[in-house]
1. How much of the accessible area of the range B:170-223, in percent, comes from carbon and sulfur atoms when a 1.4 Å probe is used?
2. In nm, to one decimal, how far is the modelled label at A:Ile69 from the one at A:Leu20, with both set 7 Å along Cα→Cβ?
3. From the cross-link list B:Lys52/B:Lys262; B:Lys80/B:Lys203; B:Lys52/B:Lys130, which pairs have alpha carbons spaced over 24 Å apart?
4. I'm checking a number: the convex hull volume of the Cα atoms of chain B, normalised per residue, in Å³. What is it?
5. Using label points projected 7 Å from each Cα along Cα→Cβ, tell me how many nm separate A:Ser125 and A:Ile35, to one decimal.
6. Assign one of three labels to the range A:92-213, namely rounded, prolate or oblate, based on the Cα gyration tensor with a ≥ b ≥ c the square roots of its eigenvalues; rounded applies when a/c is under 1.5, prolate when it is not and a/b is larger than b/c, and oblate otherwise.
7. What spacing in nm lies between the two simple spin-label points modelled at A:Gln171 and A:Ile218, each 7 Å away from Cα in the Cβ direction?
8. Which longest uninterrupted range of chain B lacks any trypsin sites (Lys or Arg not before Pro) assigned by DSSP to a loop state (not H, G, I, E or B) and surrounded by at most 14 other Cβ atoms within 10 Å?
Amino acid sequence: MHFDWTFFWDSLFQPSNAYLHGLMLTIVISILAMILGLILGLVLALMRLSRNGVLRFISATYVWVLRGIPLLVTLVIIYLGLAAAGIYKFQDASVLGISIAGSIQAALVGLTLNEGAYVSEIIRSAVAALPEGQLESSLAMGMTRASAMRWIILPQAVRTMIPPLGNQFNQLMKNTSLLSIIGVSEVFLITQSISSATFRTFEIFIVTGIYYLLLTTIWTFAQNALENMFNRRLGIETVSLRTRMASMFAGARAKLSPSSRD
Amino acid sequence: MRFPSKLPPKDVIVRATDVCYSVNGHQILHDVSLDVHRGEVVVLLGPSGAGKTTFLRTINMLNPYDDGTIFVDGHLMGYKKTRSGAYTPDSGRHLAEQRRNIGFVFQHFNLWPHMTALENVWHTPVRILKQPKAQAVEEAKQLLARVGLADRMDAHPNGLSGGQQQRVAIARALAMHPSLMLFDEPTSALDPEMTLEVLAVMKQLARSGDTTMMIVTHEIEFAREVADRIVVMADGRLLEQGTPEEVLDHPKEQRTREFLAKVL
């Protein structure tokens, strides 16, 4: 086996501009798609929780369809399928002086549509997990259902939502690698092109793996900080990531060697 | 639904007429009729499953009744009067406004855990009634002091004992200046010591005389002390009613005697 260490270290610590650009695109698309997905998911969840049967049906059907189709298929339908059928072709466009490729627009649409379905389920189940008494006491105080949602239900449900939403964002960042199929020059596509130009496939994909790991690890810390922020607002004691991991590993150690416990 | 042609007199704050309520085809309330007068303290007693809580919850429409009418403070609950004077159902904003006149205290407190005790009390006056915040916060502090929690105002509900939480819940309801307070087994989830502190707050409220109260409870001695009138329910019907002496010491109905024999 030959592992080109020089190439590996160079790629890791002195990535080319194209590579950095791809990495940036991965981050920006992930964040934008998550924000848009949160908005769409909230709308879908409120429709699902409403007393109007038509809205509930539309929302449930949407979630059923979008969750049942692989993201990859959704992306190809939106970018290539719509164009091939002559229905809609994403054109490069300029927004606030920044040129946005058609493929990136299609990517954002596809990721948002997909993300919205998952987010709405997370919000819906977080709301459903709250005790019935919370809605009842809000109604009894003279709130409309909408006010109760705004002031009492959603602020509490947010705390329950953060862990699954955090996992969802983690998934989303990794799923952006699928965008390579519609030609978005995010980090995976750049890696592929470096790989085919240099034949250092093993090295460069390990570098890219490390960068994905770095992104998701940073997010883990951010998510922990967010959870603690909401815990404080609820008057719950906060848990630092270190103690959380320490207890996790302590549990694992205890399982591995029960005799070595002191 | 038949609507009475005349409004109840001004001093009748609650007029329930032939109220029926069923869940899944099972009838829980059978033609319950009751008048409560302004300033009166009415205690509802009766065996479990008698429909006391169900009846209390129909008054502020947490249970939407199927038949009969309930007027609270001259308003037909769950209905809106059109210009022509006819009633049309409204379970949205109009019902929400009607409920602001009715305080409800739950068995399990149902405080909002993401807010401090103080925020629980001023939240609705400020966010929903749009009262000036400084004034509402000041009043909330006074209410919490009145229920003996001046030093626990900044605690979250999960940092308070059950008795303390229930007292916050009473203050929260009072902050809306309701003309009617409904108490649904307010001490059933509490241990004896905490029960006493909640009952003390309710006695004080009852003695002040300006709040109409309807209380579902199993605390017979408390009922004797505060009630102007005791209403006994069984099997979803009103059984008998009268002053505490009449009902507790000289019950007319056999079912009442059986019930009292068990709890006294």
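The values are calculated or read from the model by the stated rules, or taken from the named source; none is laboratory data. Because the structure is predicted, anything quoted here is derived from the model rather than measured. Neighbour counts run over all protein chains shown; Cβ positions are idealised from the backbone, glycine included. The accessibility values were calculated without ligands, DNA or RNA, using every heavy atom of the protein model including side chains. Shrake-Rupley method; radii C 1.70, N 1.55, O 1.52, S 1.80 Å.
1. 50
2. According to this spin-label approximation, the distance is 3.8 nm.
3. The answer is B:Lys80/B:Lys203; B:Lys52/B:Lys130.
4. Taking only Cα atoms, chain B has a hull volume of 140 Å³ per residue.
5. Result: 2.8 nm between the two label points.
6. prolate
7. Result for the modelled spin labels: 2.3 nm.
8. B:131-251
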